[in-house]
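Undergrad: Below is a structure I'd like to ask you about.
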């Protein structure tokens, strides 16, 4: 069954309408996304490389996890689910530090129209054991703990999914 998504107004409040993920993108309806950056105490960012088989941003590097908030879910519940699904790590709600909510101008990529509110969280894990990281093979090609220089290099070479607000916050945190 296809994922169901709560439709939002332009101010980010729920309209009461629920549609499929496909429909939300076909019609360019407003909806919510979570974006989670997992950092270790040494200042490394867990990054994932998107699969070459995904529709948008194939093979680009991205922050630790990101995804849609399903209908009826809170942003925090979605963040916990997405981290587990994409990189196989268990996190608790109290580990999530809310940073900001932002939206960007409408973006079109092929047949996808994005009108999204992004809830951005940071999780600090004292020690990230890469042996415990389990990639979601349908969406993730590779994972890597990146230091500040590696993150900057990926940004400078345009090898990352565009998330200017997120990377600005991460870079200031890593400095």
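Undergrad: In this structure, is residue 73 surrounded by 17 or more Cβ atoms within 10 Å (Cβ to Cβ), more than 24 Å from residue 171 (Cα to Cα) and either under 16 Å from the mean Cα position of the chain (by Cα) or at pLDDT 95 or above (or both)?
TA: Yes, satisfied.
Undergrad: Restricting the stretch 118-134 to residues that are in contact with a helix residue (DSSP H, G or I) (Cβ under 9 Å, 6 or more places away or on another chain) and surrounded by 18 or more Cβ atoms within 10 Å (Cβ to Cβ), which is farthest from residue 168 (Cα to Cα)?
TA: Only one residue tops the list, namely 133.
Undergrad: Quick check, is residue 19 more than 18 Å from residue 104 (Cβ to Cβ), without any contact (Cβ under 8 Å) to a residue 60 or more places away in the chain and crowded, with 16+ Cβ neighbours inside 10 Å?
TA: The answer is yes for residue 19.
Undergrad: Still on this structure: Residues in the stretch 135-152 that are without any contact (Cβ under 8 Å) to a residue 60 or more places away in the chain and surrounded by fewer than 13 Cβ atoms within 10 Å (Cβ to Cβ): how many?
TA: 1
Undergrad: Just for strands (runs of 3 or more DSSP E) wholly inside the stretch 7-50: which have at least 1 residues that are over 30 Å from residue 150 (Cα atoms)?
TA: Once the strands (runs of 3 or more DSSP E) in the stretch 7-50 are filtered for at least 1 residues that are over 30 Å from residue 150 (Cα atoms), what remains is 14-20, 30-40.
Undergrad: OK, next. Can you tell me which residues in the stretch 48-64 are more than 10 Å from residue 140 (Cα to Cα) and touching a helix residue (DSSP H, G or I) at 6+ places or on another chain (Cβ under 8 Å)?
TA: The answer is 63, 64.
Undergrad: Looking at the stretch 135-170, which of its residues are closer than 18 Å to residue 109 by Cβ, out of contact with any strand residue (DSSP E or B) (no Cβ under 7 Å at 6 or more places or on another chain) and not in a loop (DSSP other than H, G, I, E, B)?
TA: 164
Undergrad: Within the stretch 77-88, restricting attention to residues that are touching a residue at least 40 places away in the same chain (Cβ under 8 Å) and surrounded by fewer than 19 Cβ atoms within 10 Å (Cβ to Cβ), which residue is farthest from the chain's Cα centre (by Cα)?
TA: 88
Undergrad: Keeping to the stretch 89-113, report how many residues are touching a residue at least 60 places away in the same chain (Cβ under 8 Å) and either within 14 Å of residue 169 (Cβ to Cβ) or crowded, with 19+ Cβ neighbours inside 10 Å (or both).
TA: Final tally of qualifying residues: 5.
The values are calculated or read from the model by the stated rules, or taken from the named source; none is laboratory data. Keep in mind it's a predicted model, so treat the numbers as computed, not measured. Every residue, glycine as well, gets a Cβ built from its backbone with ideal geometry; the counts of neighbours run over all protein chains shown.
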